[in-house]
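Below is one structure, written out as structure tokens; comments come after it.
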Amino acid sequence: MRIFSRSSLTGRIVSRVTVCVFVLWLVATMLAALVINDELGEAFDTGLQETARRALPLAVQFVMNRADTDKTVYVPAFGNGGGSQGRENGKDDKDGNGSDEYLIYQLRDKSGKVLLRSHDTTDLPFAAPLDSGFWEDRNFRYYTEPSVSGTLFLQVAEPIGHRHEATFESSLAVLLPLIVLIPAIVIAIWLNVRSGLMPVRRLRDEIGLRGRGNFDAIQLDETPHELTDMVNAINMLLVRLRAALNAERNFAANSAHELRTPIASALAQLQQLLLEIGEASPYRDRAKKVEASLNRLRRLSEKLLQWSRAESGIGRSVQSHHLYPIVDMVVEDIKRSNRFENTVRVEKDNVALYAAIDPDAFGICLRNLLENGLMHGSRNEPVVVKINGPNRIIVENAGSVVPPDMLSRLMQRFERHGNHPESVGLGLSITATIIAQAGGQLELFSPRPGKSDGFAAILSLN
Amino acid sequence: MRLLLIEDEKALGNALRDYLLAQGHATDWVENITDADAAMASTPYDVVLLDLNLPDGHGVDLLRGLRRRGDVTPCIILTAQDQITDRIQGLNAGADDYLVKPFDLGELHARLSAVARRYAGNPNPLLSIGNVDIDLARRVIFVAGLRVDLTAREWALLDQFARRPGATLSKPQLEEALYEFGAEIESNTVEVYISRLRKKIGSNLISTLRGVGYRLEG
């Protein structure tokens with residue numbers, strides 16, 4: 001799963017917290033096992049002691065009342081057919097009843113001889129000395145209780161393995177739920193981490209969904225204080241970045257703007273020179289080439305100015321504007337310029353063209369689309385501007401079909417189709433940038449919809 | 001036409017003045033608002049060509065002042081400010097046209113002529129009087145189907161008549177169209193150019209109204 005990849009913050013937290021919980025639970029189980037072992041030891045010791053003290057008078061009385069004092073008597077377990085009567089040694093030492101009784105005992109005299117024993121022992125005396133209290137060897141834990149006179153000793157023993165088994169099973173009871181609950185723990189941690197990281201995701205979306213050129217400060221409601229510092233740092237960075245980019249754009253815009261007047265001067269001087277030297281001058285061709293270069297410089301400076309404006313986010317507008325006057329003004333301006341051999345025809349629906357885009361930015365877009373159509377389209381048909389609804393404009397021209405691979409690249413900077421001398425390769429890129437800022441979309445089609453030739457640009461405004 | 005060019009960029013102003021003079025328009029060139037006010041106070045102009053960013057103020061303020069005073073002299077703004085909103089501001093202030101730098105001189109002349117014709121009440125650039133056909137936009141004239149070449153000052157004079165066919169123009173009015181500031185004015189210059197025009201386009205096309213002026217018969 002992607003969330004558990006090394007690059008996922010959620011995955012890292014979930015896996016680390018899960019491992020920590022597991023390890024800590026394991027440590028807790030071990031500590032619990034120690035405590036359980038200790039407590040069970042005390043309980044079992046108490047049991048040994050209580051058993052010895054309660055059984056000692058009965059055993060002493062039983063031994064005193066028997067007929068043959070030389071023989072060891074063993075007491076069978078309940079349900080073994082022997083009742084509570086003792087049996088003499090050698091008759092049935094191993095009854096094999098399979099009972100789960102863990103306590104065994106021996107009544108010994110002060111010489112150590114076994115006078116009475118439980119069913120699971122032999123006639124051999126226990127290894128424990130005849131001293132009052134507890135004693136332990138590798139296999140058994142013993143408790144020795146002397147009689148009042150100190151002539152008889154009752155020793156009760158319990159297997160050490162039994163105690164270990166009890167401790168192990170108790171500890172396992174603590175550990176087992178963890179194994180069963182691990183998946184539930186993982187899911188619970190994942191849900192909580194996911195919920196806890198919601199502000200991080202909101203921050204990511206806030207940054208990720210921003211359009212190019214949007215350097216506004218990040219504003220998140222209820223930002224956790226761990227993120228506040230980060231958001232503040234990002235906002236500071238955005239401020240510095242915006243200042244740097246604005247300086248760069250202003251420089252580009254001012255440079256392009258300041259270039260206009262010198263270019264205008266050079267062009268006017270040159271055109272006046274062309275008039276003065278006349279048609280027959282040997283310098284006319286060279287002067288015309290200089291004029292063509294100046295005209296190209298003029299267009300390039302104009303496009304750079306538009307580009308810097310587009311990059312500065314000129315397209316965004318908080319309010320909607322009526323755009324018909326802009327359409328009329330741009331179309332009229334292009335017609336009057338006499339730069340193109342073709343002309344423009346406007347087809348308007350009886351619907352207001354009204355959209356949230358800066359009027360200057362819209363003017364730049366429409367001018368670029370018209371220039372594109374006039375430069376690259378057929379001269380036999382006018383370029384048509386169709387106002388198609390309140391926020392949709394189609395600019396289409398007749399002419400050759402643009403290959404699909406070229407069509408897909410036309411909105412990139414400095415991509416040109418054909419070799420028209422006026423083409424700079426920035427117009428469609430500038431238009432796409434501005435329209436995206438205004439929340440709209442620029443789509444290119446070739447051939448134009450419903451025709452087998454030509455090119456169409458569709459502006460869908462917001 | 002008598003033109004006032006207000007442009008502070010010397011190289012551009014120089015080229016524009018030379019070009020407009022060569023096209024037969026008496027052109028006065030000033031570089032700031034103060035000089036422009038003085039020029040307009042003393043001379044009636046047919047069209048004002050106005051730059052916006054001037055050393056002593058903004059061209060739009062000059063234009064608003066003109067319109068407030070009731071001066072309806074046609075005005076074309078020449079500027080490097082290409083924003084639509086700049087254009088709307090200029091047109092709302094009373095400009096008749098708006099040309100963004102850099103521009104072709106031919107485009108400037110075409111717009112100049114269009115504005116002048118519009119103000120003369122005759123936006124049609126084609127004029128036919130008898131066997132004379134005048135294309136004011138292309139600045140060509142045909143007499144009985146044959147093209148006739150005119151000098152810049154002959155054009156300047158004919159332009160004054162053609163923009164007001166049938167109207168009587170006084171000698172001082174015609175003199176204003178012929179000379180830019182500083183040029184010497186001979187007492188018989190208008191008569192000389194009227195005479196040359198009559199020889200080229202026909203003697204009966206321009207009538208003399210003694211003591212009043214001249215009129216293009218339409």
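What average number of partner chain Cβ atoms lie no more than 10 Å from the Cβ of the residues making up B:11-19?
That works out to 6 on average.
In whole percent, and with a 1.4 Å probe on the protein chains, what portion of the accessible area of the protein assembly as shown is carbon and sulfur?
55 percent
So what's the back-of-envelope 222 nm ellipticity for chain A, counting only DSSP H runs of four-plus at -39500 (n - 2.57) apiece and dividing by all residues, rounded to 500?
-18000 deg cm²/dmol
List the lysines whose alpha-carbon lies under 26 Å from that of A:Lys348, not counting same-chain residues fewer than 8 positions away?
Cα-Cα hits under 26 Å: A:Lys335, A:Lys386, A:Lys451.
Put one equal scatterer on each alpha carbon of region A:315-460, apply the Debye formula with no solvent term, and list log10 I(q)/I(0) at q = 0.11, 0.14 1/Å to two decimals.
The Cα Debye sum returns log10 ratios of -0.37, -0.61.
Could you work out the relative contact order of region A:237-333? I mean the mean sequence separation of Cα pairs under 8 Å and 6+ apart, divided by the number of residues, in percent.
40 percent
Applying a 10 Å radius around every beta-carbon, put A:108-115, B:76-83 in order of their mean neighbour count, most first.
The most tightly packed comes first, giving B:76-83, A:108-115.
Can you pull the mean other chain C-beta count within 10 Å for peptide A:338-347? Present the calculation step by step, with values, prior to reporting the outcome.
Numbers: counts 5, 2, 0, 0, 0, 0, 0, 0, 0, 0.
Mean shielding count: 1.
Nearest 0.05, what FRET efficiency do A:Val35 and A:Asn246 give at R0 = 56 Å with Cβ-Cβ as r?
On the way: r = 69 Å, r/R0 = 1.23.
FRET efficiency, A:Val35 to A:Asn246: 0.20.
Cross-link candidates for A:Lys71: which lysines have Cα within less than 19 Å, leaving aside residues fewer than 8 places away along the same chain?
Counting by Cα, and skipping residues close in sequence, A:Lys71 has these lysines nearby: A:Lys91, A:Lys94, A:Lys110, A:Lys113.
How about region B:83-159: which trypsin sites (Lys or Arg not before Pro) there lie in a loop by DSSP and see at most 16 other Cβ atoms within 10 Å?
Qualifying residues, ordered by number: B:Arg138.
For a Förster distance of 60 Å, can you work out the FRET efficiency between the beta-carbons of A:Asn65 and A:Arg16, rounded to the nearest 0.05?
0.25
Which whole-number percent gives the relative contact order of region B:126-216, counting Cα pairs below 8 Å spaced six or more residues apart?
27 percent
How big is D, in µm² s⁻¹, for the protein assembly as shown by Stokes-Einstein at 10 °C and 1.306 mPa s if Rh is the Kirkwood radius over C-alpha pairs?
In µm²/s, the coefficient is 45.
Given the options B:His58, B:Tyr45, B:Val100, identify the residue whose Cα lies farthest towards the positive end of the charge dipole of region B:2-118 (+1 on Cβ of Lys, Arg; -1 on Cβ of Asp, Glu).
B:Tyr45
Restricting things to alpha carbons, tell me how big region A:343-397 is in terms of Rg and Dmax, in Å.
Final numbers for Rg and Dmax: 11.6, 35 Å.
Under 16 Å from the 7 Å Cα→Cβ point of A:Ile277, by amide nitrogen: which residues of region A:286-306?
Answer for this model: A:286-295.
Once the Cβ-Cβ distance between B:Thr43 and B:Glu186 is put in as r, and R0 is 22 Å, what FRET efficiency do you end up with, to the nearest 0.05? Please list the in-between numbers first.
Details: r = 19 Å, r/R0 = 0.85.
With a Förster radius of 22 Å, E is 0.75.
Sum up the charges of everything whose Cβ sits under 14 Å from the Cβ of B:Asn204, counting Lys and Arg as +1 and Asp and Glu as -1, but leave B:Asn204 out.
+3
Determine how many Å³ per residue the convex hull of the Cα atoms of region B:126-216 encloses.
94 Å³
Taking the solvent-accessible surface of protein heavy atoms with a 1.4 Å probe, what is the per residue accessible area of the protein assembly as shown in Å²?
Using a 1.4 Å probe on heavy atoms only, each residue of the protein assembly as shown averages 50 Å².
222 nm [θ] for chain B, helices only, -39500 (n - 2.57) per DSSP H run of 4+, per residue, to 500?
-13000 deg cm²/dmol
Within 10 Å of each Cβ in B:76-83, how many Cβ atoms from other chains are there, averaged over the peptide?
Whole-number average of other-chain Cβ neighbours for B:76-83 is 4.
Ballpark to the nearest 100 Å², how much total accessible area do A and B bury together, probe 1.4 Å?
Chains A and B together bury approximately 2500 Å².
Report the charge-dipole magnitude of region B:1-58 in Debye, nearest 20, computed about the Cα centre from +1 at each Lys and Arg Cβ and -1 at each Asp and Glu Cβ.
Result for region B:1-58 is approximately 220 debye, rounded to the nearest 20.
Near B:Lys10, which lysines are there with a Cα under 28 Å away, not counting those fewer than 8 places off in the same chain?
A:Lys288, A:Lys289, A:Lys303, B:Lys101
Once the piece of chain linking A:Asp285 and A:Glu206 is laid out straight, how much longer is it, given 0.36 nm per residue of separation minus the C-alpha distance between them?
Details: separation 79, 0.36 × 79 = 28.44 nm, distance 5.82 nm.
Fully extending the segment from A:Asp285 to A:Glu206 adds 22.6 nm.
From the C-alpha gyration tensor of region A:201-312, pull out the three semi-axes of the equivalent ellipsoid (sqrt of 5λ each), sorted largest to smallest, in whole Å.
In descending order, the three semi-axes are 52, 11, 7 Å.
Counting only Cα, what are the radius of gyration and maximum Cα-Cα distance Dmax of chain B, in Å?
Here Rg and the maximum Cα pair distance are 17.5, 52 Å.
Starting with the highest mean, order A:153-164, A:15-26 by the number of other Cβ atoms within 10 Å, averaged over the residues of each peptide. Working shown, then result.
Working: A:153-164: 19.8, A:15-26: 13.8.
Peptide ranking by packing, descending: A:153-164, A:15-26.
The values are calculated or read from the model by the stated rules, or taken from the named source; none is laboratory data. Not measured: the values here are computed from a predicted model. Using ideal geometry, Cβ is built from the backbone for each residue, glycine included, and neighbour counts are taken over all protein chains shown. When the accessible area is computed, the model is the full protein with side chains, heavy atoms only, and any ligands, DNA or RNA have been set aside. Shrake-Rupley method; radii C 1.70, N 1.55, O 1.52, S 1.80 Å.
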